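No lab work stands behind these numbers, since they all come straight from the coordinates. Since we're looking at a predicted model, the values are computed, not measured. Neighbour counts run over all protein chains shown; Cβ positions are idealised from the backbone, glycine included.
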């Protein structure tokens, strides 16, 4: 081998070695950066003090919704009526009873529990005992007021009761959000299988008209077997708990209507200042839908 060939070969080896080391170091830096970012993101998520609500109606107790809810471990699970479609409530209470024992549960009556519609006297009585006819609950460090309403009950009585709640200055102190929760909606997308009923509209609007200006008002209902969110981000239909889907159409007011997938609504609220951080729909497998 000539002296020139030897020098050239040595130089090539040196260059290749340098490149290898550089790539390795670069890869190490990149991996380290990813690890650090993951750690930082995890610390940020853990540092955010939030209240988490999972909520859905029109439930089928034979799917894995309950397993996913338990994986989420929300601060509160709210069942929005039509509670598993059985002749009594035992299937539903057997599925979600643990959450109730832990104080992480609330529910409202649906038309399939009410004896005047698709229910029966036994189921009607059991549901009223388990869910109550109407209720309120303060969450997220007392920044958010939940009001549960029975749209199959005496809506005039509940309107007056709801008005007395939202005008109670002591109770309303520091409240930033009010979430009106029911099975039947007062607002629903076009072409919905179940249009809004006048009795529900009057009840919801009668309560809302007495709420102090500046408080954010949310409406959360089911009855229509799909997931939907209004353009203002404060009206929701969460009825995709497992029963056969119903029709519904999008509009300018309702840009998101999902009649194909099953899932639930999750709302996250800051315990520091009451800001609603997010409102997302997730599938029965826990994967983000919207």
Return yes when residue 232 is assigned to a loop (DSSP other than H, G, I, E, B) and buried (at least 24 other Cβ atoms within 10 Å of the Cβ) and no when it is not.
-> no
Identify, by number, the condition in (1) under 17 Å from residue 65 (Cβ atoms); (2) touching a strand residue (DSSP E or B) at 6+ places or on another chain (Cβ under 7 Å) that residue 93 doesn't meet.
-> (2)
Which ones in the range 120-145 are assigned to a strand (DSSP E or B), farther than 22 Å from residue 83 by Cβ and touching a residue at least 40 places away in the same chain (Cβ under 8 Å)?
-> 144
Within the range 262-274, can you find the residues that are assigned to a loop (DSSP other than H, G, I, E, B) and either crowded, with 17+ Cβ neighbours inside 10 Å or touching a helix residue (DSSP H, G or I) at 6+ places or on another chain (Cβ under 6 Å) (or both)?
-> 262, 271, 274
Note on the range 146-172: residues assigned to a loop (DSSP other than H, G, I, E, B) and free of Cβ contacts under 8 Å to residues at least 24 places away in the same chain are 154, 168, 169, 170
Would you tally the residues in the range 61-84 being assigned to a loop (DSSP other than H, G, I, E, B) and buried (at least 19 other Cβ atoms within 10 Å of the Cβ)?
-> 5
